[in-house]
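So the structure is just underneath, and the comments pick up after that.
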Amino acid sequence: MSTRPVLGVIACTRQVGTEPAQAVMERYIRAAMRHADVAALIVPSLADLMSAREVADRLDGILLTGSPSNVAPGRYDDADGDGPFDEGRDEIALSLVGQMIDRARPVFGICRGFQEINVALGGTLRRDTSANDDLIRHHAPDGSAFDAMFDHLHPVHMSEGGMIARALGKTDATVNSVHYQGVGTLAPGLSVEAVAPDGLVEAYSARPNGAPLVAVQWHPEWDADTNPDSAAYFHLLGKALRGEA
């Protein structure tokens, strides 16, 4: 039996009952393991006890997931911002991006992960994606039921010839939209892969040091078992981890 690639999946600091926990929502792990055909290891965001460097050699690539927390604004030289924050995740995730690039290994991101990769590479974020009248609403109304948040959809147009357009086999798709923050300034070296109707960047890619880096603002893990477009994101992840993308 051949050994599958090992994907590192970042954990968040969450409160479970009265105790802090390192947690990843299972839908991210299941979608990656099933549709990318990989093994997975959870990477704790305990920056006071470990460094990204210590685990990077053990991983064939990483997936930075979505989260209720936001990247701390100080990470992109902004003085203000809305929490909740997860400083441990900021430290491990942003450091891990650099460690994986140094090793020429794939870096993939979803939602918060999409935002933190941009920050790690020198970009900035904006915090008005559901409050600016010049933009479409990128999040369901406050008070919406959890499942209803993922029923909040909008179209995206993908760059012709881009990695995601090739993976999906088309340049237009409909995606869920569950984010209050988004890309402000795109980091140097990143190429736009998809935009929303209002022009907001919804996906980007790069090949720093030769390995694929691909991130999306939407949540393909939510419906990867039923939506071929969402499954295609994880198929691309699997190919990247095998050196086929």
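The values are calculated or read from the model by the stated rules, or taken from the named source; none is laboratory data. Worth saying up front: this structure is predicted, and the values here are computed from it rather than measured. Here the Cβ is made from the backbone with ideal geometry for all residues, glycine too, and neighbour counts use every protein chain on show. Surface accessibility is based on the protein's heavy atoms, side chains included, excluding ligands, DNA and RNA. Shrake-Rupley method; radii C 1.70, N 1.55, O 1.52, S 1.80 Å.
A few remarks follow.
- Loop sites in the stretch 1-86: trypsin sites (Lys or Arg not before Pro), DSSP, at most 15 other Cβ within 10 Å: R58
- Carbon and sulfur %, accessible surface of the chain computed with the full protein complex present, 1.4 Å: 50
- Rounded if a/c under 1.5, otherwise prolate or oblate - the stretch 1-53, Cα gyration tensor axes: oblate
- Helix-only mean residue ellipticity at 222 nm for the chain, each DSSP H run of n ≥ 4 adding -39500 (n - 2.57), per residue, nearest 500: -7500 deg cm²/dmol
- Longest site-free stretch - the chain; sites: GluC sites (Glu not before Pro), DSSP loop, at most 15 other Cβ within 10 Å: 1-159
- Solvent exposure of the stretch 1-108, expressed per residue, is 49 Å² of accessible area, with all protein chains present and a 1.4 angstrom probe.
- Among the chymotrypsin sites (Phe, Trp or Tyr not before Pro) in the stretch 138-237, those located in a DSSP loop and surrounded by at most 16 other Cβ atoms within 10 Å of their own Cβ are Y180.
- Virtual paramagnetic centre 7 Å along Cα→Cβ of R207, amide N under 16 Å, in the stretch 226-245: 237, 239-245
- Between D128 and S51, the distance separating the two model label sites (each 7 Å from Cα on the Cα→Cβ line) works out to 4.0 nm.
- Between R58 and I136, the contour length at 0.36 nm per residue exceeds the alpha carbon distance by 24.0 nm.
- Shape of the chain, Cα gyration tensor, a/c cut at 1.5: rounded
- What the stretch 165-245 shows is 37 Å² of accessible area per residue, with the surface traced by a 1.4 Å probe over protein heavy atoms.
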